[in-house]
Structure formats: structure tokens, C-alpha cells
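The values are calculated or read from the model by the stated rules, or taken from the named source; none is laboratory data. In this text, all values refer to a predicted model and were calculated from it rather than measured experimentally. Counting neighbours? That spans all protein chains shown, and the Cβs are built from the backbone with ideal geometry, glycine included. Accessible surface areas use protein heavy atoms only, side chains included; no ligands, DNA or RNA. Shrake-Rupley method; radii C 1.70, N 1.55, O 1.52, S 1.80 Å.
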Amino acid sequence: MQDVFVKDIEKYLGQEVRLKGWVRNIRHSGKLLFIILRDGTGEIQTVAFQPDLGEKAFETAKHLTLESSVIICGIPNLHPKQEGVYELQVTQVQPLQIADEYPIGKKEHGPDFLLSNRHLWIRSQKQWAILRIRHTVYYAICNYLNEHNFIRFDSPILTPNACEGTTTLFELDYFDEGKAYLSQSGQLYLETGIMSFGRVYDFGPVFRAERSKTRKHLTEFWMMDAEAAFVEHDENMQIQEDLIRYVIRTVLSECALELQILERNTESLKAADAPFKRMTHYEAVELLRQKGSDITHSKDLGAQDEVLLTEDSEVPVFVERWPKEIKAFYMKRDPLNPNLVLGDDLIAPEGFGELIGGSQREDDYELLLSRMQAENMPIDDYQWFLDLRKYGSVPHSGFGVGLERLVAWLSGTPHIRETIPFPRMIYRIYP
Ligand code: 4AD
Ligand code: MG
């Protein structure tokens with residue numbers, strides 16, 4: 001008898017097969033026992049008829065509980081009433097372990113309870129759907145980059161310097177070398193990589209000791225940093241747009257079931273696969289002030305500003321050319337206005353906030369050095385980074401995508417904590 005996965009069941013109609021998994025649901029009525037079996041690839045309704053199983057086996061099967069592990073053999077058929085749905089006519093049931101009373105039930109649980117039981121919560125249907133979308137987004141990003149001449153170039157997680165300012169650094173003692181920090185972004189290392197490979201990316205966990213307790217911040221999250229030589233600001237945004245639109249299309253085509261489980265409005269995702277809007281930070285502030293925000297021209301966007309800015313937009317919005325004071329030291333000054341830098345933030349529609357931060361990089365040695373000195377940065381620690389401006393410097397740009405933010409938007413998940421298997425937040429390290 002063949003071992004099969006639920007997702008492949010349609011290929012085996014009428015043949016006896018073996019499925020291995022867990023009991024999602026069980027009920028019986030008279031001589032019939034209905035078990036919903038999930039095996040990681042999907043779920044299927046199974047129907048056992050007492051005379052087919054024999055009395056003893058039927059009684060044993062009746063004692064299966066929610067989340068018990070089990071092997072079920074049977075013959076898949078089309079569901080008599082639901083189109084495109086399959087049902088297994090059971091021939092054998094072999095319990096592996098009868099689960100204790102499962103703590104996650106049908107009643108509503110609070111977020112703390114669910115987070116403390118995250119090791120079990122990931123089995124529930126919605127969490128399964130979100131994390132499968134995460135998987136698809138991850139591979140879609142890699143596929144896009146691989147097809148566009150980007151080479152994977154893994155950046156270190158233990159680093160001697162800060163990429164995104166010193167206020168959110170996780171610090172640790174590093175033997176006799178003094179302090180080391182957990183990476184906030186691999187960007188600075190990627191800038192070395194492009195001088196060897198032209199275009200590179202990394203994809204991995206990054207860390208920020210964020211004091212903010214919001215639905216968009218984690219202290220450990222996954223970032224894809226991409227960097228490209230000879231790419232300037234406008235092309236940098238175009239690459240970001242093309243990448244995100246490719247990911248949207250991939251999720252729509254590969255995650256139809258997951259999106260349906262999550263009741264995600266797919267019309268709004270389809271509408272987002274169209275040219276993105278671009279506005280300068282100056283224009284964004286003007287627009288926001290008209291909408292009642294108290295933001296000023298020297299300020300970053302607040303969470304509410306991000307919502308207001310995109311409320312009338314079906315597509316993500318780029319906010320570009322930022323005041324240099326509120327952006328990182330490595331961003332290239334705007335040749336049209338020395339008070340601005342060629343940075344861009346990509347803001348998702350539907351209130352999901354900033355998906356990407358990117359910029360053209362300062363490629364002039366003296367300008368970069370003076371900017372770093374002005375910010376009192378420890379120049380010695382960054383000598384290697386400054387070297388890149390001495391040995392064949394070229395115009396270059398890059399960006400970082402927050403994986404969980406992107407998954408939250410695409411899956412329509414309001415809180416980022418559900419978009420990663422084990423979220424790390426200021427008040428959460430268990431399990
Ligand atoms: O805008 P950020 O800080 O940009 C950088 O780190 C650049 N060095 C990237 C680069 O140019 N290679 O972070 C990039 C993205 C944000 O747009 C957001 O999506 C996500 O990372 N992000 C977070 N996601 C979850 N929790 C947090 N605390 C996050 N901080 C940033
Ligand atoms: Mg940012």
C-alpha cells in the first residue's frame with residue numbers, strides 16, 4: 001500500500017492508500033466515525049464505517065482525541081456533495097499516541113495564552129496558513145533575485161559595528177576583543193560583496209533591541225538585504241517594485257488555499273500588482289498635514305501617518321528623498337538638495353506600514369567620512385567600510401525587506417507576531 005500526502009490525494013482516487021498525521025477533529029454517530037486528518041500538507045475528512053473496520057478496531061478508533069497521532073488507511077473518493085473536495089473511506093485506523101486533552105480548543109483564547117503555547121498554536125489552521133505563506137514569500141524573493149543576477153552572500157550575525165544606529169543594539173562580550181553586537185542588517189557587508197560580485201543579497205535573522213511594543217515590531221526578525229553596483233536611486237526603487245510585485249503574484253498563484261483560510265481579500269492584493277506610487281518626503285508631509293497629521297518636514301512618519309498616507313491607495317507608496325538628519329549615515333546626499341538623502345521607504349497599503357527601507361549609498365570617501373565624524377561614529381571600527389570608497393568606488397544602491405512585515409500584509413495578519421514561528425518581543429522569549 002502506498003504512503004501518500006493529503007495534497008496528492010486526487011492522484012489516488014479509488015486506490016487504497018496510507019496517510020499519516022494528526023486528528024484535527026473527531027465525531028461519531030452510530031456506526032459512523034468521522035475524523036478530520038491533517039498531515040502537514042493539508043486536511044481530509046475520513047469516514048469509518050463500523051462493519052468495514054470490525055467492532056474492536058472501531059471502538060479503539062473512537063477513543064482518538066484531538067491532536068492524537070495516527071495512521072489511517074483508506075480509499076479516497078470525491079466528496080458526494082462538495083465539488084473539488086475528497087473524502088477517505090477508511091479501511092484501517094492505527095493510533096500512534098492518544099493525545100492528552102488538548103489545551104487549544106474551540107473557545108477564544110487571549111494572545112498571551114496562545115503565545116505561551118506557540119509550540120502547539122502553530123498547528124492551528126490559520127497559523128499553518130500564515131507560515132506557509134511565509135515559506136512561499138521567502139522562496140519567491142530568492143527566486144526573483146537568483147533570476148536577476150543577484151548572488152547570495154551571507155553576512156555575519158556577530159559584528160563589531162552598528163548598521164542602523166546604536167540605540168537598538170544587542171550587545172555581548174566577545175572574548176578578548178571587547179564588545180560585539182548582533183547584526184541589525186547585513187547591508188554594510190553586502191556593500192563589500194558587490195565590489196566582487198556586482199549584485200548580492202543576504203537573508204537571515206537580524207536583531208533590534210526595540211523598546212517599542214507595537215504590532216509591527218519584533219526584536220528578532222528576518223531581513224533580506226539586496227545591494228547592487230551601478231544602480232542609482234530611481235532604478236533601486238524600480239527593483240524593489242518589481243520584486244514585490246513578483247512576490248504578490250507568486251503568493252496569489254501558489255497560496256490560494258491559505259489565503260482562503262485566512263479570508264484574505266485577494267482583490268486588494270491583485271490591485272496592488274500595478275505601478276507603485278512615488279512621492280518625496282516633502283510631498284508626503286504636505287499631504288499628511290492636509291489630512292490632519294501634526295508631522296513636520298524634519299520628522300519621520302509615525303504609524304498613523306503611514307496609515308493616512310496609503311488610505312486612498314491600492315498600491316504601495318514610496319516615500320523618497322528624506323531629510324538627512326532622520327536617515328542613516330550611509331545614504332547618499334541628494335545632488336539636487338544637500339539637506340536631503342536618496343533614501344526610500346516603501347509603505348504597504350491597508351495600514352501594514354513600512355515594508356522596505358533602501359537608499360543609494362554615499363560613494364565618496366570624504367563625504368562619507370565627514371558624515372560619520374559629524375555623527376561621532378568610531379571611525380576605526382569602520383575602516384573596512386570606508387576602504388570601499390578608496391578602491392574602485394562606484395555608484396551603488398540597496399534595500400532591506402522585512403520578511404514578517406511583508407508576510408503580515410500579504411496574509412492580512414494584523415499582528416506581526418503570527419508571521420514568524422517563534423516571535424521575540426520585549427516581553428516574550430518563551431517558548
Ligand atoms: O528600514 P530598515 O531599518 O533598513 C535597514 O536596515 C537597511 N540597512 C536595509 C538595507 O538597505 N539593506 O529595515 C528594513 C526593513 C523595514 O522596512 C521593515 O520592514 C523591517 O526591516 N523592520 C522590522 N521588522 C520587524 N521588526 C522590527 N523591529 C523591524 N525593524 C525594521
Ligand atoms: Mg526604515
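Structure above, values below:
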item: Separation of the residue 117 and residue 312 label points, Cα + 7 Å toward Cβ, nm; result: 4.6 nm
item: Rounded if a/c under 1.5, otherwise prolate or oblate - the stretch 61-152, Cα gyration tensor axes; result: oblate
item: Of 7/277; 126/299; 126/291; 179/332; 126/179, pairs whose Cα-Cα distance is over 31 Å; result: 7/277; 126/299; 126/291; 126/179
item: Largest to smallest accessible area among 1, 372, 195 [probe 1.4 Å]; result: 1, 195, 372
item: Rough spin-label spacing in nm, given labels placed 7 Å along Cα→Cβ, for residue 170 and residue 253; result: 3.7 nm
item: Amide N proximity, the stretch 309-353 versus residue 291 label position 7 Å along Cα-to-Cβ, cut-off under 16 Å; result: 309-320, 345-353
item: Net lengthening on full extension, residue 376/residue 424 (0.36 nm per residue, minus Cα-Cα); result: 14.2 nm
item: Burial ranking of peptide ranges 77-90, 386-399, 48-61 (average Cβ count within 10 Å, highest at the top); result: 386-399, 48-61, 77-90
item: In degrees, nearest ten, helix 281-290 long axis to first principal axis of the chain (Cα); result: 70 degrees
item: Residues residue 177 and residue 339, FRET efficiency given R0 of 51 Å [Cβ-Cβ distance, rounded to 0.05]; result: 0.85
item: For the stretch 173-184, 3J(HN,Hα) per residue [Karplus equation, 6.51 cos²θ - 1.76 cosθ + 1.60, θ = phi - 60°, Hz, x = Gly/Pro]; result: 7, 10, 6, 8, 8, x, 7, 10, 10, 7, 4, 9
item: For residue 148, residues with placed amide H under 5 Å, excluding near neighbours; result: none
item: Full-extension gain in nm, residue 213 to residue 16, via 0.36 nm per residue minus C-alpha separation; result: 65.7 nm
item: Shape box of the chain [Cα atoms, principal axes, largest first, Å]; result: 85, 54, 40
item: Relative contact order (%) - criterion: Cα under 8 Å, at least six apart; region: the chain; result: 14 percent
item: Residue-averaged [θ]222 nm for the chain, counting only DSSP H segments that reach four residues, each worth -39500 (n - 2.57); result: -9000 deg cm²/dmol
item: Inter-probe distance in nm under a simple model that places probes 7 Å from Cα toward Cβ, at residue 365 and residue 71; result: 6.9 nm
item: Efficiency of FRET between residue 299 and residue 107 - r from beta-carbon atoms, R0 45 angstrom, step 0.05; result: 0.55
